[in-house]
Amino acid sequence: MHKYLYIGWVLLLTCFNTNAQTDTAWSAFRLPPLAALTEAAINSSPQVKYQQSIILRDKANIKERKKRWMNKVFMDAGYSYTNNFSVTNINSNTGNVETLALKNGGNYRAGFTLRFSLFDFSGAKHVTQVAIQEKNASENQLLSIEREIVWQVTELYKNLELAQTLLHIKSEKMQTLALQRQVAEKEFTQGQIKIAELSRIIELTSNAHQEFEQGKNSYEKAYLKLEQFVGKPLNSF
């Protein structure tokens, strides 16, 4: 009798473990390294890309303000052309008026003009300093964003690890109680246990299965949340 009961236990356990492999396929999944997930999250973050654009803008502002003095320099150049061009000259020795007339004539002109205000001498350097401080503030803001992303990835990663561990525990509990239920049902048909004991085991088995499904749902949500935050499938690392 004990020999057949032992063989039955082995067969039931083998059958149940085979069926449970499908439900616990998640347990074989190995989480990628936390550092790789953090790097991917930073590279795909819209906030990081936005802040990087602001830094590039601030650097361009610094260059522009350093060269702003050039808008105080003006260059003038031109050419004029006239008909009946004439030149009148008075000879200093004889006092005679000498006139030279040409049919056509042209005139070129060129020059530079500098215009500076008092602000250009006393306030221009402060304008540049403002641009530099704006750039520094943007860089510090980027560091703050990256640190926040590191913390969020770490938190999501730890939540997923915990969900996976708890699901593994609930899976083992469910498998054990399911096996006990099968044995109890067989013992009940043989009159070895009462209906109350069978009902108690069935209730425990149902509760364990419910806890497993809830744990599985929590694990899947934690998995998807981390995957979406990182910006790429976790199985691609």
Exercise. Restricted to region 192-212, and to residues that are open to solvent by 80 Å² or more (accessible area, probe 1.4 Å) and of a type in the set (D, E, K, R), which residue is farthest from LEU162 (Cα to Cα)?
Worked result: LYS194
For this session: Quickly run through region 221-234 and pick out the residues that are modelled with pLDDT of 95 or more and farther than 13 Å from VAL153 by Cα.
Result: LYS221
For this session: Could you list all residues from region 219-237 that are touching a residue at least 40 places away in the same chain (Cβ under 8 Å), closer than 14 Å to PRO33 by Cβ, in a helix (DSSP H, G or I) and open to solvent by 40 Å² or more (accessible area, probe 1.4 Å)?
Result: ASN235
Exercise. Is it true that LEU167 is among the aliphatic types (A, V, I, L, M), surrounded by fewer than 17 Cβ atoms within 10 Å (Cβ to Cβ) and assigned to a helix (DSSP H, G or I)?
Worked result: no
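The values are calculated or read from the model by the stated rules, or taken from the named source; none is laboratory data. Treat the numbers as computed from the prediction; the structure is a model and nothing was measured. With ideal geometry, Cβ positions are generated from the backbone for all residues, glycine too; neighbour counts draw on all protein chains shown. These accessible areas exclude ligands, DNA and RNA; they are computed on the full protein's heavy atoms, side chains included. Shrake-Rupley method; radii C 1.70, N 1.55, O 1.52, S 1.80 Å.
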